[in-house]
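Report on the following structure.
Read-outs: derived from the displayed coordinates by stated rules, not from any lab. Note that the structure is a prediction, hence the values are computed from the model and not measured. Glycine gets a Cβ as well: all are built from the backbone with ideal geometry, and neighbour counts include every protein chain shown.
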Amino acid sequence: MEIQEILQKAHEEEASDIFLVAGLPITLKCKGHQNRWGEGFLKPDDTQRLIEGIYTLAKREATHLSQGEDDDFSFAIGGLGRFRVNVFKQRGSLAAVIRLIQFGLPDPKELGIPDGVLELSDNQKGLVLVTGAVGTGKSTTIACMIQRINQSRDCHIITMEDPIEYIYRHEKSIVTQREISIDTPGYPAALRSALRESPDVILLGEMRDYDTISAAITATETGLLLFSTLHTSSVANTITRIIDVFPANQQQQVKIQLSQLLKGVVCQQLVPGTDGRLLPVFEIMKSTNAIQNMIREDKLHQLDSVLQAGAADGMCTMDGSLLKLCREGKITKETALVYCAHYDVMSKRLA
């Protein structure tokens, strides 16, 4: 089996991921479930050959591997789509996980992304965060917001990603896209450079450490709109994670900055629907005077009540979104209980 055939099969099966790991058959992840393909198990020589084929298709040198490092990159094949690849070693042999990304940009209506999320892109300045676990669709949600700006505003949009996933065409906006390690050495350096490139909107792939978070806050203070992601599970956890990255003597100042800069936080997860598809579920926060005060005064434990009361402004809690999907028959009660934040409260509401 050649790598091109595997990619074609994954495309036909509408798989989200391909796993190439020695000791397993080729495995496709479809609608959240792993499907083993074929009866033969991959051997270390097989994974080595297939991964070398990936580098050939991507026209990329395997320099990271020769230095003993993991490698992240993306490439495209006409008629199939784009592929985001992570190559790594496990038990002494090469392995890879390949994420499939369809050509073109996602349709938010087809994906079930609510207007309350998309409207965050209407802000002219400030910080908008999309958070959640790995593989929950954060990049897709941000892509929908970036494309909404691209189609409606005269802007210079700069994206910084590791690696680039969705490709944007220049529409009403100019969209320049930079890939970490290829076009720029890292996120902080890319942010510093971007401030000299007349940006209106910046997409920062991930706020992963102190240097990146600090640079993102500094950049947002210049008056632009900045989107980024974190691996957090709720609005309160997201704000706390950012504050806790800073030394204790800087945290009060960061709270003041966040209260002024933060325009919205979207936390999301994917849950199995009754029709077999994975459905996105959202917790949405939009900046209000009450929320700004909570951030400044460190009263984030009160956020849930504000989100519940802010339905008219497009806000909601994760549990509220799950309850709504359950009442619409799109997910089961069992699914709602598995993915909720407050099990006892959800049990009573479902009863």
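The table below lists the values:
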quantity	calculated
Stokes-Einstein D (µm²/s) once Rh is taken as the Kirkwood radius of the stretch 171-263 over alpha-carbon pairs, at 4 °C in 1.567 mPa s	92
Signed unit charges on C-beta, dipole axis of the stretch 208-278, positive-most listed residue Pro272, Gln250, Thr222	Pro272
Angle between the chain longest axis and helix 235-245 axis [Cα atoms, degrees, rounded to 10]	80
Nonlocal amide H pairs with Asp162, under 5 Å, H built at 1.01 Å	Ile180
Under 20 Å between alpha carbons - lysine pairs in the stretch 239-333 that sit 8 or more apart or on different chains	8
Estimated D of the stretch 3-101 in µm² per second, where Rh is the Kirkwood radius over Cα pairs and Stokes-Einstein applies at 10 °C, 1.306 mPa s	117
Helix-only [θ]222 nm of the chain, DSSP H runs n ≥ 4, -39500 (n - 2.57) each, per residue, nearest 500	-10500 deg cm²/dmol
Computed over the stretch 3-101: relative contact order in percent, which uses C-alpha pairs under 8 Å that are six or more apart	28
Equivalent ellipsoid semi-axes - Cα gyration tensor, the chain, angstrom	34, 27, 19
Taking the chain and dividing mean pair separation by its residue count, relative contact order in percent (alpha carbons under 8 Å, at least six apart)	13
Quarter of the Cα convex hull surface for the stretch 132-190, i.e. its orientation-mean projected area (nm²)	4.3
Estimated FRET transfer efficiency when R0 is 22 angstrom, pair His301-Val338 (beta carbons, to 0.05)	0.35
Karplus 3J(HN,Hα) series, Hz, for the stretch 317-323 with 6.51 cos²θ - 1.76 cosθ + 1.60 (x for Gly, Pro)	8, 4, 5, x, 5, 5, 4
On Cα atoms only, tilt of 138-152 relative to the major axis of the chain in degrees	70
5 angstrom amide H check on Asn35, placed H, neighbours 5+ away	Leu28, Lys29, Cys30
Lys, Arg +1 and Asp, Glu -1 on Cβ, resulting dipole of the stretch 44-172 about Cα centre, debye, nearest 20	140
Under the Karplus curve 6.51 cos²θ - 1.76 cosθ + 1.60, θ = phi - 60°, whole-Hz ³J(HN,Hα) for the stretch 269-274, x wherever Gly or Pro sits	8, 10, 10, x, x, 5
Alpha carbon Rg of the stretch 172-223, scaled by the compact-globule rule 2.2 N^0.38 Å	1.09
Size descriptor, Kirkwood hydrodynamic radius, that averages inverse alpha-carbon separations across the stretch 96-179, Å	13.7
Under Karplus coefficients 6.51, -1.76 and 1.60, residue-wise ³J(HN,Hα) of the stretch 219-225 in Hz, glycine/proline x	5, 5, 5, 7, x, 9, 9
Cα-based convex hull, the stretch 108-316, per residue volume (Å³, whole number)	123
Those aspartates and glutamates that a straight Cα-Cα span of less than 16 Å connects to Lys9, excepting residues fewer than 8 apart in one chain	Asp17, Glu39
Cα-projected label distance for Glu13 with Ala62, points at 7 Å along beta-carbon direction, nm	2.4
